[in-house]
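Below is one structure, written out as structure tokens; comments come after it.
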Amino acid sequence: MRCPYCRENKDKVIDSREINEGRVIRRRRECLNCGKRFTTYERVEENPLRVIKRDGRIESFNRDKLLRGILKACEKRPVKIEDIENLIDDIVVQLYQKGDREIPATEIGEIVMEKLKSLDSVAYVRFASVYRDFKDVEEFLKEIQRLMKKGGKSD
């Protein structure tokens, strides 16, 4: 594993533990060159999912792309990165459990919004505004009112 600080590839594993019901192994590592510590995650490589985009294109599912979108929605919110990782793991498991290897992007977006709603309502509204392409403040207000009626979590 290459050190993210000095780029050397000599390290030792300090701690390993299973997370997310054994679906992921978290390893704490220490670089033998610079002495800094970093964390890596290992997960089982599964049959790849493919995403059917709104315009009909098909592309490989990209977990990192999903992570970036959710991180952006959670920016400056009191949401732990571990909670975001768990949320993404849950989404991926849900997608695989569907049994389909090609999943519409709209379906993925709806799953993300449902999960975000219970994690942080502000992050949910941020994600929904981009995903649903809100055109004006009125669309924001309607979504916030719907969320308030359902009792969304806001921390």
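Any read-out appearing in this document is the output of simple, stated calculations on the displayed coordinates, not a laboratory observation. This is a predicted model, so every value here is computed, not measured. Positions of Cβ are backbone-derived with ideal geometry, glycine not excepted, and every protein chain shown enters the neighbour counts.
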Any residue on another chain or 5+ positions along whose placed amide H is under 5 Å from the amide H of Asp11 is listed here as Leu32
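Using +1 on the beta carbon of Lys and Arg, -1 on that of Asp and Glu, and nothing else charged, what's the dipole of the chain about the Cα centre, debye to 20? Each step should come with its number before you reach the end.
Values: 36 positive and 30 negative charges, 92 e Å.
Around 440 debye, computed over the chain.
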Please identify, among Asp133, Asp89, Asp15, the residue showing maximal mean-square fluctuation in a Gaussian network model of the chain using a 10 angstrom Cα cutoff. Asp15
Among Phe38, Phe61, Ile88, the residue whose Cα sits farthest towards the positive end of the charge dipole of the chain (+1 at Cβ of Lys and Arg, -1 at Cβ of Asp and Glu, taken about the Cα centre) is Phe38
When the distances between all Cα atoms of segment 7-54 are binned every 10 Å from zero, what whole-number percent does each bin get? 23, 34, 25, 14, 4
Provide the packing ranking of 69-78, 140-149, i.e. peptides ordered by the mean count of other C-beta atoms within 10 Å per residue, highest first. 69-78, 140-149
Could you give the nm distance between label points at Arg2 and Glu107, where each point is 7 Å from its Cα heading toward the beta carbon? 3.6 nm
Of Lys76/Lys149; Lys65/Lys115; Lys72/Lys149; Lys53/Lys76; Lys53/Lys98, which ones are farther than 22 Å apart at the Cα? Lys76/Lys149; Lys72/Lys149; Lys53/Lys76
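Counting helices only, and only those DSSP H runs with n ≥ 4, report the 222 nm mean residue ellipticity of the chain as the sum of -39,500 (n - 2.57) divided by its residues, in deg cm²/dmol to the nearest 500.
Details: 5 runs with 69 residues, N = 155.
That calculation yields -14500 deg cm²/dmol at 222 nm.
Just rank Ser129, Ser16, fewest to most, by other beta-carbon atoms within 10 angstrom. Can you show the working numbers first?
Working: Ser129 15, Ser16 12.
With the sparsest Cβ surroundings first, the list reads Ser16, Ser129.
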In sequence order, what are the phi-derived ³J(HN,Hα) couplings for segment 56-61 according to the Karplus relation 6.51 cos²θ - 1.76 cosθ + 1.60 with θ = phi - 60°, rounded to whole Hz, with x for glycine and proline? x, 5, 10, 9, 5, 5
With P(r) over Cα pairs in 10 Å bins from 0, in percent defined as stated, name the option among (i) 10, 32, 33, 21, 4, 0; (ii) 11, 42, 39, 8, 0; (iii) 9, 31, 32, 20, 7, 1 computed from the structure displayed. (iii)
